[in-house]
Amino acid sequence: MMASIDESSVWVIDLDGVIWLGESPIEGAADAVRTLQNAGRTVVFATNNSSLTRHGNEAKLARHSIDATDAVVSSAMAAGTLVEPGETVLVCGGAGVREAVSARGAIPRDEGPVDVVVVGWTPEFDFDMLTRAVQAIHGGARLIGTNSDATLPSATTLLPGCGSLVSAVATAGGVDATFAGKPHQPLATYIHERYGTHGIVVGDRADTDGAFAATLGFEFALVLSGVTGEADLPVAPAPDHLAVDLATLVRDLDADKKR
Ligand SMILES: [Mg+2]
């Protein structure tokens, strides 16, 4: 199994629980990324956070001493691939969604009628936004959710995640949503097209990162630096690699390669 990780492998790395925990850096993670980059590996950071723009994500990684220029893929970018140039889009989400929709050549609108409603996580979601989204759906718009995560960990509590907001729109609208981010197909297709079809996903959750590895057809490395701890093992899907953190994983796989 180890032997299938090679120089051509794309490293798809989750952010929260792998690179940082909330705002705190995880020890050794930035150095491990640099080790991979210096060895010529393709490193891609995959996040379901749709509120940051491309530059916002890159800047946040730069603050953690990581060069992620053109190396971040988000659920917002994947959602952008699900709309067509020229379509009108009601954006119920943050700056990342608006940017991805515009980059696609679609036209963001604040109310219907529109061709598409895209829902991403935003603390501005309220009854008025829900009403506008539902009216657009009733008018025939299709529904896209950037991701299906039910909750979102914050420093102090669990917040409602994007999936919960999408559920409200889907229920009132009487439709099913198409989801873009991890572990769904659109983000996998986005990665395949840009970075190749051979690689490894590093994440702290089997149900999202492990499932995403399966969607990609990549190996899955579980790290215990985030939400999954020793006491939670075994998990499904079972990881191909297990390490306490990214630094240890990179060291282990590198040592294995030199055998
Ligand atoms: Mg994570």
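The values are calculated or read from the model by the stated rules, or taken from the named source; none is laboratory data. Worth saying up front: this structure is predicted, and the values here are computed from it rather than measured. Neighbour counts run over all protein chains shown; Cβ positions are idealised from the backbone, glycine included. Side chains included, ligands, DNA and RNA excluded: accessible areas come from the protein's heavy atoms. Shrake-Rupley method; radii C 1.70, N 1.55, O 1.52, S 1.80 Å.
Between Thr157 and Ala39, what is the label-to-label distance in nm when each label sits 7 Å out along the Cα-to-Cβ direction?
4.3
Roughly how many percent of the accessible protein surface of the range 83-179 is carbon and sulfur, given a 1.4 Å probe and a whole-percent answer?
Numbers: 2520 of 4610 Å².
Answer for the range 83-179 is 55 percent, counting heavy atoms of protein chains only.
So for the range 83-179, averaging the separation of alpha carbon pairs under 8 Å that are six or more residues apart and normalising by length, what relative contact order in percent results?
Values: 195 pairs, mean separation 24.1, N = 97.
Taking the mean separation of contacting Cα pairs over the length of the range 83-179, I get 25 percent.
If amide H atoms are built 1.01 Å from N in the plane of the peptide, which residues on other chains or at least 5 residues away come under 5 Å of the amide H of Arg109?
Result for Arg109 returns Val89, Leu90, Val91.
With 22 Å as the cut-off, how large is the P(r) tail for the range 83-179, expressed as percent of Cα-Cα pairs?
In whole percent, the long-distance tail amounts to 21.
Let me know the Kirkwood hydrodynamic radius for the chain, please, with Cα pairs as the basis and the value in Å to one decimal.
Kirkwood hydrodynamic radius for the chain: 18.7 Å.
Check Leu152: other-chain or 5+ apart residues with amide H under 5 Å from its amide H, H built from backbone geometry?
Those lying under 5 Å, H to H, from Leu152 are Leu159, Gly161.
Lys/Arg Cβ at +1, Asp/Glu Cβ at -1, dipole of the range 185-259 taken about the Cα centre: which of Ile191, Ala236, Leu224 is farthest positive-ward?
Ile191
Could you state the accessible area per residue of the range 83-179 in Å², with a 1.4 Å probe and every protein chain left in place?
Each residue of the range 83-179 exposes 47 Å² on average to a 1.4 Å probe.
Just order 116-122, 87-93, 33-39 by mean Cβ neighbour count inside 10 Å, highest at the front, would you?
Going from most to least packed, we get 116-122, 87-93, 33-39.
May I ask you to evaluate 6.51 cos²θ - 1.76 cosθ + 1.60, the Karplus curve with θ = phi - 60°, for each residue of the range 198-203 and list the ³J(HN,Hα) values in order in whole Hz, giving x for glycine and proline?
Rounded to whole hertz, the list is 9, x, 9, 9, 10, x.
Å³ per residue of the Cα convex hull, for the range 115-259?
137
Sorting check: for 124-137, 160-173, which peptide has the highest mean count of neighbouring beta carbons within 10 Å, and how do the rest follow?
The packing order, highest mean first, is 160-173, 124-137.
Please list, in chain and number order, the residues 5+ apart from Ile13 or on another chain whose amide H is under 5 Å from its amide H, with Hs placed from the backbone.
Here the answer is Val44, Phe45, Ala46, Val202, since their amide H atoms fall under 5 Å of that of Ile13.
If the range 34-85 were replaced by its equivalent ellipsoid, with semi-axes equal to the square roots of 5 times the Cα gyration tensor eigenvalues, what would those be, largest first, whole Å?
Equivalent ellipsoid semi-axes, largest first: 23, 13, 8 Å.
At q = 0.13, 0.24, 0.30 Å⁻¹, what base-10 log of I(q)/I(0) does the Debye formula yield for the range 169-222 when every alpha carbon is treated as an equal point scatterer in vacuo?
-0.37, -0.84, -1.13
Quick one: work out the % antiparallel among DSSP beta bridges in the chain, nearest 5.
15
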